[in-house]
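K.L.:
Take a look at this one; I'll ask things after.
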Amino acid sequence: MTTDLALEYIKRRGCELCYGDQYTLRVRHFVLQPNEQRKVDGHNQFFVLIEPYCDLRVESSAAIFDLADSNINELEYEHRGDLLLINQSIFTNHVRFIQVIPKECNPCP
């Protein structure tokens with residue numbers, strides 16, 4: 001997912017989740033060492049994966065993204081809850097998200 005598409009998606013998803021436009025955006029760029037696994041707390045917020053690299057697996061309470069796993073029926077870009085980032089490469093890898101942190105619940109008009 002490109003950054004522009006992610007921002008448009010977040011705007012619409014914010015309305016669906018009752019945030020309206022009351023949220024803070026953060027760009028998160030994680031650098032994972034070879035075969036590293038890292039946990040990220042994503043409770044009460046959501047993360048949108050942007051421009052993913054190969055040899056990367058992202059698992060969360062809501063979704064899985066892994067280009068190398070042929071047993072997954074659908075790759076998801078939106079992640080919530082506890083995230084697990086797994087670098088499946090022998091090289092350093094990068095994973096970028098836009099983190100959406102709601103301020104309060106306001107229905108969209």
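Bear in mind these aren't lab numbers, they're just calculated from the coordinates by the rules spelled out. Remember, predicted model here, so these are calculated numbers, not experimental data. Neighbour counts run over all protein chains shown; Cβ positions are idealised from the backbone, glycine included.
K.L.:
On a 0 to 90° scale, report how tilted helix 3-16 is relative to the longest principal axis of the chain, with both axes built from alpha carbons and the result rounded to the nearest 10.
P.N.:
Roughly 50 degrees between the two axes.
K.L.:
In whole Å, what is the distance between the alpha-carbon centres of the stretch 45-109 and the stretch 11-41?
P.N.:
8
K.L.:
Still on this model: Using unit Cβ charges (K, R positive; D, E negative) and no other charged atoms, how large, in debye to the nearest 20, is the dipole of the chain about its Cα centre?
P.N.:
Details: 11 positive and 16 negative charges, 72 e Å.
In debye, rounded to 20, the chain gives about 340.
K.L.:
Using θ = phi - 60° and the Karplus curve 6.51 cos²θ - 1.76 cosθ + 1.60, what whole-Hz ³J(HN,Hα) does each residue of the stretch 68-84 get, with Gly and Pro shown as x?
P.N.:
With the stated coefficients, the stretch 68-84 comes to 8, 8, 7, 8, 8, 7, 8, 8, 10, 9, 9, 10, 9, x, 6, 9, 10 Hz.
K.L.:
Could you give the length gained by full extension between Asn71 and Glu16, i.e. 0.36 nm per residue of separation minus their alpha carbon distance, to one decimal place? Before the final figure, lay out each step's value.
P.N.:
Values: separation 55, 0.36 × 55 = 19.80 nm, distance 2.96 nm.
Result: 16.8 nm gained on full extension.
K.L.:
Show me 83-93, 64-74 ranked by packing, highest mean number of other Cβ atoms within 10 Å first. If you can, show how the numbers build up before the last one.
P.N.:
Numbers: 83-93: 17.1, 64-74: 11.9.
Highest-to-lowest ranking by the protection proxy: 83-93, 64-74.
K.L.:
Could you point to the residue in His43, Gln88, Leu56 farthest towards the positive end of the chain's charge dipole, with +1 and -1 charges on the Cβ of Lys/Arg and Asp/Glu respectively?
P.N.:
Ranked along the dipole, the leading option is His43.
K.L.:
Give the long-range amide H neighbours of Asp82: residues separated by 5 or more places, or on another chain, with amide H under 5 Å away, using H modelled in the peptide plane at 1.01 Å from N.
P.N.:
It is Gly42, Ser61, by chain and number.
K.L.:
Also: Note down the nm distance, to one decimal, between modelled labels 7 Å out along Cα→Cβ at Thr3 and at Val31.
P.N.:
1.8
K.L.:
In whole angstrom, how long is each semi-axis of the equivalent ellipsoid of the chain, when you take the square root of 5 times every eigenvalue of its Cα gyration tensor and sort them from largest down? Intermediate values should be presented prior to the final figure.
P.N.:
On the way: eigenvalues 136, 36, 30 Å².
Each semi-axis is the square root of five times an eigenvalue, giving 26, 13, 12 Å.
K.L.:
In whole percent, what relative contact order does the chain give with Cα contacts below 8 Å and a gap of six or more residues? Numbers along the way, then the final one.
P.N.:
Details: 250 pairs, mean separation 45.3, N = 109.
Taking the mean separation of contacting Cα pairs over the length of the chain, I get 42 percent.
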